[in-house]
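Following: one structure in structure tokens, then a few remarks.
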Amino acid sequence: MKHLNLGTLCAAWLMAGCLSTAAADTYPSRTVRIVVPFAAGGGGDFIVRAWADKLSDVLKQSVIIDNRGGGNTAAGTDYVSKANPDGYTLLFTSTALSTNPTLLPNLPFKTPEDFAPIGLVITYPFGMAVRTTLEANSIPELIAYAKKNPGKLSAGTSGEGSASHLATELFKEATGVSIMTVPYRGAGLAMNDVAAGHVDMMFTGMSQIKPFVESKRVKVLASSGLKRLQSAPDVKTIEEQGVKGFNAVVWWGLLAPAGTPKEVIDKMNLALRTSLAHPDVAKRLDVIDGEIRISTPKEFDTMIREEIVRWRKLLKPAATKP
């Protein structure tokens, strides 16, 4: 068996570093694929398409969006985790990345170990829509109704582990009220049932709530962030209505497979910052009341790890119920 001396090892390490730097210098030299682990036409699909063309301009390469829904984002996320770590297959995903380790403990990938965060992209709050016949027109009145009618209040969600489900769980924890969650296959179906009076309430984006408000089929009691919604400035936040510190927002960010060279990650982070700074992008994203929040790769990695711990504490009791 041959033994490598120290000089040979140093030469090998130097060569690996040179290859990594060379790859970053020429990156990207072909089409970049961004996998969205949700069906086409949803919130994530809308957000990524709002800046993908600008990213393509910055990179001087084609950027294609690949929708791979299924398994509460597990299908598309798994695909990226096993992709070649060269920066040409990326993942644009949401809060589900930090909740699935608790809700779906047998996933075929590990979070955050199997991913290299590139950057946080955007956060946005929800509106709280309720059926028009509900005897509550504010958060204090809703809490009073729930306590007077224990077990009767119901909330539609976009599915187990979805952002609307998480906002509902946070509200339950913060207020101590009992709310039965009813999962649907999408926000549109859930909102239809709120409007029809089959469920009492739902947290979702104002872009989905607004048509129902205009047709007077639902009413909006509050917004879920710390700031009022741009599209509904007269609607008070939940915190303003007495639930101190309440802040339920959904985040979206860009990641690569673990092992992607740091130089490639840094180059993509810079390209992301440049594309999102374009004024056209801000105009396109105004409709969802979003706040563009670009982070460094390290900041995004820290946030994901903290989110996993946060949601594990909140969701573990619910996840273990029969």
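The values are calculated or read from the model by the stated rules, or taken from the named source; none is laboratory data. The model shown is predicted, which means the values in this text are computed figures rather than measured ones. Every residue, glycine among them, receives a Cβ derived from its backbone with ideal geometry; neighbour counts consider all protein chains shown. The accessibility values were calculated without ligands, DNA or RNA, using every heavy atom of the protein model including side chains. Shrake-Rupley method; radii C 1.70, N 1.55, O 1.52, S 1.80 Å.
Overview of values
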| quantity | calculated |
| --- | --- |
| Any hit, region 271-278, residues being over 13 Å from Trp51 (Cβ atoms) and in contact with a Gly (Cβ under 7 Å, 6 or more places away or on another chain) | no |
| Residues satisfying the stated conditions in region 189-211, i.e. more than 20 Å from Gly290 (Cα to Cα), at pLDDT 95 or above and open to solvent by less than 60 Å² (accessible area, probe 1.4 Å) | Asp193, Val194, Ala195, Gly197, Val199, Asp200, Met201 |
| Output for region 153-169, where each listed residue is hydrophobic (A, V, I, L, M, F, W, C) and either outside any strand (DSSP E or B) or in contact with a Leu (Cβ under 7 Å, 6 or more places away or on another chain) (or both) | Leu153, Ala163, Leu166, Ala167 |
| Residues that are open to solvent by 10 Å² or more (accessible area, probe 1.4 Å), touching a helix residue (DSSP H, G or I) at 6+ places or on another chain (Cβ under 6 Å) and of a type in the set (A, V, I, L, M), drawn from region 143-158 | Ile143 |
| Residue list for region 267-285, filter: without any contact (Cβ under 8 Å) to a residue 40 or more places away in the chain and among the charged types (D, E, K, R) | Lys283 |
| Selection count, region 223-258, where residues are in a strand (DSSP E or B) and on the phi > 0 side of the Ramachandran plot | 0 |
| Breaking point among (1) open to solvent by 80 Å² or more (accessible area, probe 1.4 Å); (2) over 22 Å from Glu291 (Cα atoms); (3) assigned to a helix (DSSP H, G or I); (4) of a type outside the set (Val, Ile, Thr), for Arg185 | (3) |
| Whichever residue in region 170-180 is assigned to a helix (DSSP H, G or I) and out of contact with any helix residue (DSSP H, G or I) (no Cβ under 8 Å at 6 or more places or on another chain) and, among such residues, is least open to solvent (accessible area, probe 1.4 Å) | Phe171 |
| Qualifying residue in region 255-267 (condition: within 22 Å of the chain's Cα centre (by Cα), open to solvent by less than 60 Å² (accessible area, probe 1.4 Å) and closer than 25 Å to Phe126 by Cα) | yes |
| Residue within region 16-25 that is at pLDDT 85 or above, exposed (fewer than 11 other Cβ atoms within 10 Å of the Cβ) and over 30 Å from Ser207 (Cβ atoms) present | no |
| Condition met for Thr274 (over 20 Å from the mean Cα position of the chain (by Cα), of a type in the set (Val, Ile, Thr) and open to solvent by 20 Å² or more (accessible area, probe 1.4 Å)) | yes |
| Filter pass, Ala282 being farther than 23 Å from Pro85 by Cα, over 14 Å from the mean Cα position of the chain (by Cα), among the hydrophobic types (A, V, I, L, M, F, W, C) and outside any strand (DSSP E or B) | yes |
| Filtered residue count, region 133-152, keeping only those that are assigned to a loop (DSSP other than H, G, I, E, B), free of Cβ contacts under 8 Å to residues at least 24 places away in the same chain and aliphatic (A, V, I, L, M) | 0 |
| Any chance Arg305 is over 16 Å from the mean Cα position of the chain (by Cα) and assigned to a helix (DSSP H, G or I) | no |
| Leading residue by the ranking (farthest from Lys172 (Cα to Cα)) among those in region 223-236 that are surrounded by 17 or more Cβ atoms within 10 Å (Cβ to Cβ) and out of contact with any helix residue (DSSP H, G or I) (no Cβ under 9 Å at 6 or more places or on another chain) | Arg228 |
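A quick yes/no check of all residues on (1) under 19 Å from Ala116 (Cα atoms); (2) open to solvent by 20 Å² or more (accessible area, probe 1.4 Å); (3) of a type in the set (D, E, K, R):
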residue: Ile64; (1), (2), (3): no, yes, no
residue: Gly70; (1), (2), (3): no, yes, no
residue: Thr77; (1), (2), (3): yes, no, no
residue: Ser81; (1), (2), (3): yes, yes, no
residue: Asp86; (1), (2), (3): yes, yes, yes
residue: Thr93; (1), (2), (3): yes, no, no
residue: Ala96; (1), (2), (3): yes, no, no
residue: Asn100; (1), (2), (3): yes, no, no
